[in-house]
1. With chain B treated as a Gaussian network of Cα nodes joined by springs under 10 Å, which of B:Gly134, B:Gly34, B:Gly242 yields the largest mean-square fluctuation?
2. What distance in nm separates the simple spin-label points at A:Lys250 and A:Gln270, each placed 7 Å from Cα in the Cβ direction?
3. At what distance in nm do the modelled label points of A:Arg13 and A:Gln163 sit from each other, each positioned 7 Å from its Cα along Cα→Cβ?
4. Return the long-range amide H neighbours of B:Ile208 (sequence gap of 5 or more, or a different chain), with a cut-off of under 5 Å between placed amide H atoms.
5. Which whole-number percent is the relative contact order of chain A (Cα, under 8 Å, 6+ apart)?
6. Using only Cα atoms, locate the centre of segment B:163-227 and the centre of segment A:55-79, then give the distance between them in Å, rounded to an integer.
7. Indicate the helices, whole DSSP H runs only, in chain A that combine a mean Kyte-Doolittle hydropathy of 1.6 or more with a Cα extent along their long axis of 30 angstrom or more.
8. Taking 4 °C and 1.567 mPa s as the conditions, I'd like the Stokes-Einstein D for segment A:285-451 in µm²/s, using the Kirkwood hydrodynamic radius from alpha carbon pairs.
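Here, each number is a calculation from the coordinates, and none is a lab measurement. Only a predicted model underlies this, so the values are computations on that prediction, with no experimental measurement involved. Heads up, the Cβs are rebuilt from the backbone with ideal geometry, glycines too, and the neighbour counts pull from every protein chain shown.
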Amino acid sequence: MNGLGEHLKLSVRLHFRNTLALIYGYLFPLIFLVAFWVLYRHEKVPLLRHMGELLTVSVLGGACFGLPTSMVSERERGVWRRYRLTPLPTWAFVVSTAVARYLIVLSAGLLQLGLALAVGMTLPEHPLGLFVAFTFVAFALIGLGLVIATLADNVPAVQALGQCIFLPMLIIGGVAVQLASLPTWAQQLSAFFPGRYAVEAIQACVTGDGLAAARFSLPALALIGVAGCIAGTKLFRWDSAQRFATRSGKLWLIPVFAAWAAVGVLAEWQARVSARVAAEMAAAIAVAPVSKEKPWLALTSKDVAQLNFRVPSDYGVVAPYAAPDDEATDYTKDELDNVRRELPTWRPGLRGDDVQRVRNLLCVAAVPDAIQMPVERYLPPVVLQHLEDTYPRDQLIKILTWIVLHPDDGTVVDNIEALGVQGSAGDPFVVRERSYLYALKFIIRLTGRDRR
Amino acid sequence: MPDNVVVRDLRKRYGGTEAVRGVSFAVPAGEIFGLLGPNGAGKTTTLECLLGLREPDGGHLEVCGVDARRDPRTAKRKLGVALQSTALPDKITPREALGLFGAFYPEHVAADGLLERFALTAKADAPFDSLSGGQKQRLALALAFVHAPEVVVLDEPTTGLDPQARRELHDEILRIKRDGKTVLLTTHDLAEAEQLCDRIAIIDRGRIVATGTPAELVARAQGKQSVSLVTDRPLAAALWAGVTGGAEMSCDGATVSFRTADANASVAAVTALLAEHRVELVELHVRRATLEEIFLGLTRSGATATEAAP
């Protein structure tokens, strides 16, 4: 075991002498973090809702690229062949390499977390749970990295294989693009990727109910990790002269695919894939208790003037707003016509008290913005027009001001399919945030602040 | 002396090609044993099977009394190995490498002593990728000694070294022998084998074609001497064949060489032939056959396995 410990220590030490490894292992995760910070700069608590994605991307990079690249390049140069001449068993080298990689991705994760806290993120709800979830995520993805190392005959093959796993996981696996904004088929496919469970488990510990909310994700990650580590050890190649095509024991890959498939099938069977979306839809049609009181009537113009009117640019990514001379395409025009036609009878727009109704109507602008649909910037003027047609201007200003002052009250709608606009943000927090920004933008226009 | 290495009827096949066909040899303690052969002869495969890098199809492998096929981990503890090209992580230092490899064994030698013995103290903390070829090779040797093994296997250890580094390495190998270790050496260099090895096995096309001390192998060619001569103008090869017998003869323009069992008669025949065709003899050398000529003769002709007389 002394040999295993020495190899582990030296592997970590040598990692810190490799400039390229440091760039890939630490600089790239930080660049991701800064990119998310800038992209979601208007969120009330910076990065808090994105730690699941950010930490998963870091582990993916370290485990699916860093680990196999390092292993395959050393194998190509004959380093592993030299190790094989020693009496240390194969599993000891595999364990040492995997643990070294875990320590490396853990340090990168801590660096990310530290920087996120430095820019204003609040502490995760369940720090210890986050550590456990992170460990499970790292275990699953390192297992995957070991399998890539056994499959790839050379470093370019690692890059190709890594991309084949990395990109789908990012785009349709729920890692970089939120699941709720994906079509149904992609959501169902994502159930077969570990990335989805990685994000779920980590995010549950940052903003959710902790490990209790990851009762499915953690065993799923553990199963994927165990299968990967077994296959990685059984198919381990010491020598670059041993090509994978000529290697015996390829059947050890079956547990890997079986684990992915089992997790996906179980998720489908337990209706977990659509459960989350269904929950969001339920929230969408939920009706807030109707209050007969109208406290917003007590608001004055002074209250309106005291609002913080710092909002994102109308031409930006967050809360865009089409200028009057910005003409939509014919397709978008048809969508807008449909919304205009349906809006007066749209049920959420008629349910609840005035504040809740306006809140729901704001969601018609907020949801497409959250998922960056082409129609996003054209919808706010349509919604504002409908609101102006429905409420007297002074009342509308007060209702909107009330919403701005109480952004977390009531409920939000995350599904506007009834208006002919497909997709949902998948996160009520985002919808609330965008609703808040559009409420401010509407007040700016209604009070003529945009002309000053 | 007990045999520290025993290879018996070793067989290894790659697809349809039988790379090793029943190789057998034994090396007693305190001996330097050379495995010689042209590229593709099977010596590397033989070595790799012994070291546990390849799984043989058949045969018995033994290191210091340990069955290397049944218990490779114990066998590896007895073996110190320096491969032809030493591969280590680029940024590892010699001191770290010795520490790391030492930790792989239950008992190991202090790194400082090995650094000094192999003249690496000045480079002890330099990254591996900054070492010269000779320094890397010395580090490979030091790694082979990190656990004080009973058998040292050196796979073409002097390939790519300059003459100075080569001589230093030869001295080190002889010192290993003086320390009572068994050395199994592969080389292409016949002069090196002749200088270092107590015994040599010549391997060709997967079989051992000759085994013995360098002197014994040379003695095998006893009675056969090597004749080479240069004339002022070339003669037809067919004319030379008449006096040399044709076998083991090479004719390149005005330069001719051949081997003969009766040097006196051959030289007389040569001078008669030259006089007859009015050709002047410019140079004439007669000497005993070298190990290289024996090696080439054995590996060219596909000779059957023979054991030199003890």
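1. Sorting by GNM fluctuation, first place goes to B:Gly242.
2. So the two model labels end up 3.4 nm from each other.
3. For A:Arg13 paired with A:Gln163, the spin-label model returns 3.7 nm.
4. B:Ser24
5. Contact order relative to length: 16 percent.
6. 44 Å
7. A:90-118, A:127-151
8. Translational D for this selection: 82 µm²/s.
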